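No lab work stands behind these numbers, since they all come straight from the coordinates. What you see is a predicted model; the values in this text were computed from it and never measured. Don't worry about glycine lacking a Cβ; one is built from the backbone with ideal geometry, like all the others, and counts go over all protein chains shown.
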Amino acid sequence: MYGDTATIRKILTELGDTWAVVGLSSNRGRAAYGVAEVLRRSGKRVVPVHPKAETVHGEQGYATLGEVPFDVDVVDVFVNSDLAGPVADEAVAKGAKAVWFQLGVIDEAAYERTRAAGLDMVMDRCPAIEIPRLG
């Protein structure tokens with residue numbers, strides 16, 4: 001299990017409210033769009049990170065995590081597992097407090113590196129599913 005209940009609760013309630021969602025575009029048919037809306041409704045600032053750098057849910061987008069000109073608390077990753085490891089490394093370099101890999105996104109080496117760097121991390125879970133479970 002790559003995300004015990006205590007870690008999930010900590011990320012969702014204690015680590016801060018600025019979430020960079022990597023893979024978030026204005027495509028309403030993509031899971032990232034709906035999850036970002038759930039995060040917004042739960043009080044999070046959702047920053048889109050996508051090569052198109054589109055404004056989504058009223059928030060300016062950026063092409064890469066490194067281009068976000070302010071601190072990010074949590075990096076939520078909606079990219080293929082093959083691409084997720086470098087995003088986790090960027091999150092560490094950016095100074096994020098946690099990394100969240102979405103359902104189906106698994107990179108055990110990235111998980112180990114990210115945890116070793118002192119960040120909290122959840123993998124193969126979805127905050128839109130976990131938020132209602134918190135009660």
* Structure fact -> Filter region 38-56 for residues that are crowded, with 17+ Cβ neighbours inside 10 Å and more than 20 Å from L134 (Cα to Cα); the one that is farthest from the chain's Cα centre (by Cα) is V56
* Looking at region 62-83, which of its residues are more than 17 Å from R125 (Cα to Cα), surrounded by 13 or more Cβ atoms within 10 Å (Cβ to Cβ) and not hydrophobic (A, V, I, L, M, F, W, C)? -> Y62, T64, D73
* To do: Please list, ordered by first then second residue, the pairs with beta carbon atoms under 8 Å, 6 or more apart or interchain, first in region 98-123 and at positive phi, second assigned to a loop (DSSP other than H, G, I, E, B).
  => G104/D124
* Asked: Can G16 be described as exposed (fewer than 13 other Cβ atoms within 10 Å of the Cβ), assigned to a loop (DSSP other than H, G, I, E, B) and on the phi > 0 side of the Ramachandran plot?
  -> no
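Would you point out which residue out of V87, V99, V72 is in contact with a strand residue (DSSP E or B) (Cβ under 6 Å, 6 or more places away or on another chain) and assigned to a helix (DSSP H, G or I)?
Being in contact with a strand residue (DSSP E or B) (Cβ under 6 Å, 6 or more places away or on another chain) and assigned to a helix (DSSP H, G or I) holds for just one of V87, V99, V72, which is V87.
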* To do: Among residues belonging to region 113-134 that are surrounded by 12 or more Cβ atoms within 10 Å (Cβ to Cβ) and charged (D, E, K, R), point out the one that is farthest from R41 (Cα to Cα).
  => R113
* **Checklist (1) surrounded by 15 or more Cβ atoms within 10 Å (Cβ to Cβ); (2) among the charged types (D, E, K, R); (3) in contact (Cβ under 8 Å) with a residue 24 or more places away in the chain applied to E59, failing item** => (3)
